[in-house]
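These notes concern the structure reproduced below.
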Amino acid sequence: MNLFHRLFCALGIAAASAAAAQAPGVSEREIVVGSIQDLSGPIALLGVPVRDGMQMRFDDANAAGGVHGRKLRLVVEDAGYDPKKGVLAARKLVQRDRVFAFLANLGTPVVMATMPPIVDAGRPHLFPFSPHESTYAPRHPLKFQMFAPYQDYMDAATRHMVQTHGYRKTCLLYQDDDYGLEVMKGVEAGLAKLQRPLAEKTSYKRGATDFSSQVARLRGAGCDFVVLATVVRETVAAVSEARRTGWNVDMLVTASGYSAQTHELGGKAVEGLYGVTVLPHPYEAGANGQLADWIRRYRERFGVAPNVWSAMGYTVADLFVKAADKVGRDLTVERFTAALETLHTPRDFFGGPEYRFSRDEHLGNRHGRIAQIRDGRWAILTDYLK
Amino acid sequence: MDGAHGSPSRPGFAAWAVIMALAALAVWVLGVDYALAQAAFVATWAIAGLGVVLVVGQCGQVSLGQGALLGLGAYAQAVFALRGVPAQLSLPLAIALGAGGGWLASLPARRLGGLYFAMSTLAFALVVEEALVRWESLTRGAAGLAVPPLALGGWVAETPLAQALVACVALALAWLACRRWAASRLGRAWRAVREDEIAAAAAGIDVARAKTLAFVLGGGLSGLGGALYAHWIGFVSPEQFGLMLSFELLMLAFIGGARHLSGALWGALVVVALPQGVSLAVERLPPGLAGAAGIEMALFGAVLVILVLLRPGGLAGSR
């Protein structure tokens, strides 16, 4: 065992000194990027399109000759929303696949558990799908984020809705977990700026299907505006319940309910529902030329229509490609993060926001916009709310 | 071996050889840190698994709430560590809390049996998860708690090597304790209760006490496993200790062989390491197939079915 151990140490040192010449995951012809996704767990519905979107952006870059002559390779590990699997996946990607950076890891428990070993290994932790503040603050040289906490979006969105519609009693229906609490903080902050209280709030447990008591309670409180901190299925169930009982109150759902599935499942009942969105859903009808081409290629490549998560995956990977491109041929972690800190991207063909990073601001965008379901699809109503 | 009678068994030389060979292969193929991180999780899960083996395998009670006991240990450790309580003190407290939770969960066993009692443990798990969400001042609710690395005196277990070492030492101690219990008068009482409660009572065994002790000791082991898990993961949130975890632990015990102490280790190897093996195997598949969503889960499921068919008594079982 002792001999084995010594042999191993010697091999390790040899490998380390060979690698010191170049950043891990960067070879003459290739850049390897890792991602820990949920492809089999409770949020696989998000994980699969995110992965496909990223893969497509990398394929596009590779088809155009790669980044400064290097092809991009995406290595995806499925953690199934289990932090234990996530930690092992992070170790595997660091050590075995020697990835250069981690891109768009998915799910708060997985992200929180894997972030320390990733940054300890000196790998950039880029744009995770988790609204947790610690993914970008306090500032850490290797942590970058492009998805603001729900609090930021919902603060501005609530204020905008109350100011433009003159609601008197704003209420909240929320999922009783970290997601719901984040939204509540945002709604309360927005109302506080207008010197109004939150008139009524009521919660539900994740996975609930019956919202009759919650809706009755909100109606009883005389709410004229209800914010929904719900996900797709619960959004449909809550709005349908209100309409079924003849209550035509205005409702605003967070970005988690902004999905094509909401109007596909909800049909007529969810017509008129407001939603907060960061990236618009890529609808085929009425798409601009570039977007229509992207949708066609996505459909051909993966056999399904893209959704907003596919667009997010594509955008995340696009930011990586742009930053790597900015660095030039001599790609190291320091040079990459320095390039990212000066990156400013314009609006893209999805109609997404500008992303702007700086030395002191590692969160690329804090703004969302308001949309509404009209004629069975989301229509964007406002620009990004500052 | 004595598996059919359910007395404590030790993995034989061949089993140890297989485990050592697997470990060497893992280090060779995966790299040291990745393999050691796995070893830490396997050992930690084996400790929790021993708890299930005591309750389910030795005493014959079905517990659907073991994940909640793990959660109690994890949260106790997290809360104490964040308040600067040294691990030498907080680890025993986490174990005590797990044991206390086990005692609470076992109370309905005085009146209920079989499936009804299993349902009460399920309810217990739900209550604990709900309490972890609601008691925000202590647990920060659903937002979760970041847990600092394990510090024993001046030594901090930050590297995978240190974590694996701590987990293996804890597992060894837990193992020795379980062997003692299973070989004692108490162990014989457990097995008598498992085979036939009425006969056991007729033979003068205090059935309620035997069940309670199984839950208390099993709960303590789960608490220890949870405390270590909290450090290895570095972040605890209530959803991690939901029913899925309880089912995973139950699966661990049955796959490994609930009637044998070594079943906990085999089960932990399957539950923790097998998905990693599957993930490596999937990389070898053609890209179209390897990219299919959920393929790893499907393959893992298939391997489990095969294991159960070939070894219905668990991997540690005689057949």
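The values are calculated or read from the model by the stated rules, or taken from the named source; none is laboratory data. The model shown is predicted, which means the values in this text are computed figures rather than measured ones. Positions of Cβ are generated from backbone atoms using ideal geometry, with glycine treated the same way; all protein chains shown enter the neighbour counts. Only protein heavy atoms, including side chains, enter the accessible area calculation; ligands, DNA and RNA are left aside. Shrake-Rupley method; radii C 1.70, N 1.55, O 1.52, S 1.80 Å.
DSSP loop (so not H, G, I, E, B), at most 12 other Cβ within 10 Å: list which trypsin sites (Lys or Arg not before Pro) in region A:183-243 pass both filters.
Numbers: sites: A:K185, A:K193, A:K201, A:K205, A:R206, A:R217, A:R219, A:R233, A:R243; in loops: A:K205, A:R206.
For trypsin sites (Lys or Arg not before Pro) across region A:183-243 that sit outside H, G, I, E and B with at most 12 neighbouring Cβ atoms in 10 Å, the list reads A:K205.
Taking 2.2 N^0.38 Å as the expected size of a compact globular protein, what ratio does the Cα radius of gyration of region B:1-125 give against it, to two decimals?
Values: Rg = 18.1 Å, N = 125, 2.2 N^0.38 = 13.8 Å.
Dividing the Cα radius of gyration by 2.2 N^0.38 Å gives 1.31.
Residues of chain A were split at every exposed loop site, defined as GluC sites (Glu not before Pro) in a DSSP loop with at most 12 other C-beta atoms within 10 angstrom, and the longest piece left, sites excluded, is A:29-283. Two decimals is fine: what is log10 I(q)/I(0) at q = 0.18, 0.21 Å⁻¹ for region A:156-277, from a Debye sum with one equal scatterer on every Cα and no solvent? The computed values of log10 I(q)/I(0) come out as -0.87, -1.23.
What's log10 of I(q)/I(0) for the protein assembly as shown at q = 0.09, 0.12 Å⁻¹, Debye sum over Cα points only, no solvent? At q = 0.09, 0.12 Å⁻¹ the computed log10 ratios are -0.85, -1.35. Using the 1.4 Å probe convention, the accessible area of region A:60-217 works out to 34 Å² per residue with neighbouring protein chains retained.
Tell me, what is the Rg over Rh of region B:129-283, with Rh the Kirkwood radius over Cα pairs? Using only Cα positions, Rg/Rh for region B:129-283 is 1.03.
Within region B:108-194, all pairs of alpha-carbon atoms sorted by distance into 10 Å bins from zero give the percentages 13, 19, 29, 30, 8. Mean Kyte-Doolittle hydropathy of 1.0 or higher plus an axial Cα length of 20 Å or more: which whole DSSP H helices in chain B meet both? Span-like helices, by this rule, are B:13-30, B:32-52, B:66-82, B:87-106, B:114-134, B:160-183, B:295-310. Largest mean-square fluctuation among A:F320, A:F349, A:F144, in a Gaussian network model of chain A whose springs join Cα atoms under 10 Å apart, belongs to A:F349. If you run the Gaussian network model on chain B, springs between alpha carbon atoms under 10 Å, then out of B:L36, B:L97, B:L217 the most flexible one is B:L36.
Exceedance of the 26 Å cut-off in Cα-Cα distance is limited, within the set A:K143/A:K185; A:K85/B:K211; A:K84/A:K201; A:K169/A:K386; A:K185/A:K268; A:K85/A:K326, to A:K85/B:K211; A:K84/A:K201; A:K185/A:K268; A:K85/A:K326. Please report the antiparallel percentage of DSSP beta bridges with both residues in the protein assembly as shown, rounded to the nearest 5. Of those bridges, close to 35 percent are antiparallel. When chain B is treated as a Gaussian network with alpha carbon springs shorter than 10 Å, the biggest mean-square fluctuation among B:A264, B:A131, B:A192 belongs to B:A131.
Can you give the % of DSSP beta bridges in chain A that are antiparallel, to the nearest 5?
Details: 12 of 44 bridges.
Counting only bridges with both partners in chain A, antiparallel ones make up about 25 percent.
Normalised by 2.2 N^0.38 Å, where N is the number of residues, the C-alpha radius of gyration of chain A stands at 1.05. With 50 Å² as the minimum drop in accessible area between chain alone and full protein complex (1.4 Å probe), the qualifying residues in region B:200-241 are B:I233, B:F235, B:E239. Taking all Cα pairs closer than 8 Å and separated by 6 or more residues, the relative contact order of region B:70-211 comes to 20 percent. Here chain B is described by how far its Cα atoms reach on the three principal axes: 61, 50, 37 Å, from widest to narrowest.
Chains A and B: what accessible area do they bury, summed, in square angstrom to the nearest 100, with a 1.4 Å probe?
3100
Over all other residues within a Cβ to Cβ distance under 15 Å of A:E30, the charged ones net out to +3, with Lys and Arg as +1 and Asp and Glu as -1. Computed per residue of chain B from DSSP H runs no shorter than four, each worth -39500 (n - 2.57), the mean residue ellipticity at 222 nm is -22500 deg cm²/dmol. Reducing region A:156-194 and region B:61-107 to their Cα centroids gives an inter-centroid distance of 37 Å. Note: relative contact order over chain A, using C-alpha pairs below 8 Å and six or more positions apart, is 16 percent.
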